[in-house]
Amino acid sequence: MAVGQRLEIRQGQSLVMTPQLQQAIKLLQLSNIELSDYCESELERNPLLERDESAAKPDGEREVVEREAAPSERADESLAREDFSKVADLDSSAHDNMYDGGDAPQAAAGTQQPLTDWTTVKSSGRFEGDEDMLESSVAGGGSLKDHLEEQLAIAALSGEDRLICLTLIDAVDEAGYLRADLAELAQRLGCEVDVVARVLGVLQGFDPVGVAARDIAECLGIQLKAKDRLDPAMAALLTRLDLVARRDMSQLTALCGVDAEDIAEMIGEIRALNPRPGLNFGSEPVQPVVPDVFVRVGPDGGWLVELNSDTLPRLLVNSRYYAQVAKGARDKEAKNYLTDCFNNANWLVKSLDQRARTILKVSTEIVRQQDAFLTYGVRHLRPLNLRTIADAIQMHESTVSRVTSNKYIATPRGVFELKYFFTASIQSVNGAESHSAEAVRDRIREMIENEQGDEILSDDRIVALLTADGVNIARRTVAKYRDALRIPSSVERRRLKSGEGGGAAFR
C-alpha cells in the first residue's frame, strides 16, 4: 500500500459552544450571590454596562432613562430559543445529577389539614431595628481565631514556632478541632513533623481547654488532664467512646478494670465536659439563604409563582454612549474593542433575562407537580425526577439540573432548595401509586417518635407497618433512612429508655 497525502472534502454537522453561549450556561447555574458578584465584575470591566438605577426608586421619583434597544450585530440565535437544549448533546455530566424514579400519578388527596407549620416570607421591606439587630449580632464577641492569636502574641515562642502555630490556628474549625494532617502541614512548611507536633502541644494549652484537638477523645482527654483526672482507667475509657454511647457496662468494666459504679461516675465526668469548646466564641457571619422564587396563595386559591426581584441584577446597555464614543474611534483596535464591549453587554442583558424566565418556568412546573405537598404537607410529596419536569416544559434535563442547583424557593411551608422536590420513587404494594422517599422517611421518623413506653419498633417491625400501609420497602432501606435521620437502632433506643441512657450525647 502506497503512503501519500490526499485532499478530501467531508460534510458533517456538529455543535459548537460559542463564548456567549458558554456565558449563558454559566449564568444559569449560578446562585443569586454568585450572580451578583459576576455582574459587579462585568460592570467594572465593560464601560457600556450600567445599573438600572431607576428600578430602585419609588414610582413618583423615578427618572426617565432612555436606552436604544439596538440588537447586537453578532447576537447568537441560540439564545432566542426557549431553552438551552442546544447544549444538551455536549453535556453528559448533567445526566449524573438525575434522580431515580419515573413518572408518578397524582398524589392522593386526603383530608385537608390546617397549615400550622407555615412560615411568613417577607419579600421586601424591613422591620424597624432589623439593621441594628444584624449589626449587633455580627459585631458581638470575637472569633475563636482572634482569641487564639491574642494568646499567641504573648506566648514565649520563637519566630519559626510562631509561624507554625499561626498555620495550625488557621486549620482550627469553629468547633475548636484541628482539621489538618500534621505530615501535610510539615511538608508545606518545610520542617519536621516532630516540630509541628511540639507546637501543637503548645497550642493545645491555650484557652479554651480542649482546643486544637484532632478528635473528640483527644479533646476530652485534654480537659480531663487539666483537671488532673486522666488516670489509666479514664484513658482506657476514652479509647472506646462507642461503648460509652451504647452504655455497654460489661465491656467497659472489663476494659477499664473497675466496677460498674466507678464506670458510672467516669461517664458522669465525661458528660460534664465540653466536646465542642470553640462554639463558646463568635464565628464568621453566616450568609442567610435568599430565595430566588416566592410561592403564595392566589385569590382564586391557586398558587402564584414569582421571582424575587430583589435578587435580580438590573443592567442596561448605554447605546448612546457607545454611538458617541464609536464616532471618535479612529484606529481599528479601538473600534474592535468598542464593538466587543457592546456585543458582550447586549448578550449579558439578554442572558440575564433568559435566565430569569427559565428559572420561573421550571419553578412553576415544580409547583404544579408538587401541589399536594404545598397543600397537605410532606406526606403528599410526589416522586419526581428531572426528566418529568424537562418533558413537561420541553427543555433538556441538563437545563433543569442547572436551574435547580443553588436555587431556593420560599413557600408557605418554608424555604427549600429546588432539588428538595426531586425524590426517588418507592413502589407500592399491589401496583398502587408509588410513594416519595422523603414522605417515607417522614413516616419512619413519626413512627419512632410516637413509640410508647417499652414498645420499641425494630426495623423489621417498621417494614411490616409500612407494608400494611401499602409501601413496598426493604429492611435495609429502612435502616438507611433511619441512619440518615440520625436515629439510633432499636437496641440503643431501648437502652436509652430503660434509664441507662445519656451516652447518646456523643453520637
Please enumerate the residues belonging to the range 178-203 that are over 32 Å from the mean Cα position of the chain (by Cα) and either assigned to a loop (DSSP other than H, G, I, E, B) or among the charged types (D, E, K, R) (or both).
190, 191, 192, 194, 198
Yes or no: residue 432 surrounded by fewer than 17 Cβ atoms within 10 Å (Cβ to Cβ), at pLDDT below 85 and within 30 Å of residue 362 (Cα to Cα)?
yes
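With the condition kept exactly as written, say whether any residue in the range 123-138 is closer than 30 Å to residue 384 by Cα and at pLDDT below 85.
The first filter runs over the range 123-138 and keeps only residues closer than 30 Å to residue 384 by Cα, leaving 123.
With the extra rule that they be at pLDDT below 85, the set shrinks to 123.
Yes, that holds for at least one residue.
Could you tell me whether residue 393 is of a type outside the set (Gly, Ala, Ser), at pLDDT 90 or above and either farther than 30 Å from residue 355 by Cα or touching a Pro at 6+ places or on another chain (Cβ under 7 Å) (or both)?
no
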With among the hydrophobic types (A, V, I, L, M, F, W, C) and surrounded by fewer than 22 Cβ atoms within 10 Å (Cβ to Cβ) as the only criterion, which of 384, 374 stands out?
374
Kindly list, by first and then second residue, each pair from a residue in the range 301-317 that is in the same structural domain as residue 403 (by TED's automatic domain parsing) to a residue that is of a type in the set (D, E, K, R) and assigned to a strand (DSSP E or B), limited to pairs with Cβ atoms under 6 Å and residues at least 6 apart or on different chains.
304/296; 316/50
Out of 212, 226, I need the residue that is surrounded by fewer than 18 Cβ atoms within 10 Å (Cβ to Cβ), within 30 Å of residue 265 (Cβ to Cβ) and in the same structural domain as residue 272 (by TED's automatic domain parsing). Which one?
226
Taking only pairs six or more apart or across chains, which ones have beta-carbon atoms under 6 Å, a first residue in the range 258-275 that is over 15 Å from residue 247 (Cβ atoms) and in the same structural domain as residue 228 (by TED's automatic domain parsing), and a second residue that is surrounded by 11 or more Cβ atoms within 10 Å (Cβ to Cβ) and not polar (S, T, N, Q)?
258/233; 273/220; 275/216
Given the conditions (1) among the basic types (Lys, Arg); (2) touching a helix residue (DSSP H, G or I) at 6+ places or on another chain (Cβ under 6 Å); (3) over 23 Å from residue 20 (Cβ atoms), every one holds for residue 314 apart from (3)
Is it the case, given these coordinates, that residue 338 is surrounded by fewer than 20 Cβ atoms within 10 Å (Cβ to Cβ) and more than 30 Å from residue 441 (Cα to Cα)?
yes
One residue is enough: does the range 489-498 have a residue meeting the conditions within 25 Å of residue 370 (Cβ to Cβ) and buried (at least 16 other Cβ atoms within 10 Å of the Cβ)?
no
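The values are calculated or read from the model by the stated rules, or taken from the named source; none is laboratory data. As the structure is a prediction and not an experimental result, all values here were calculated from the model. With ideal geometry, Cβ positions are generated from the backbone for all residues, glycine too; neighbour counts draw on all protein chains shown.
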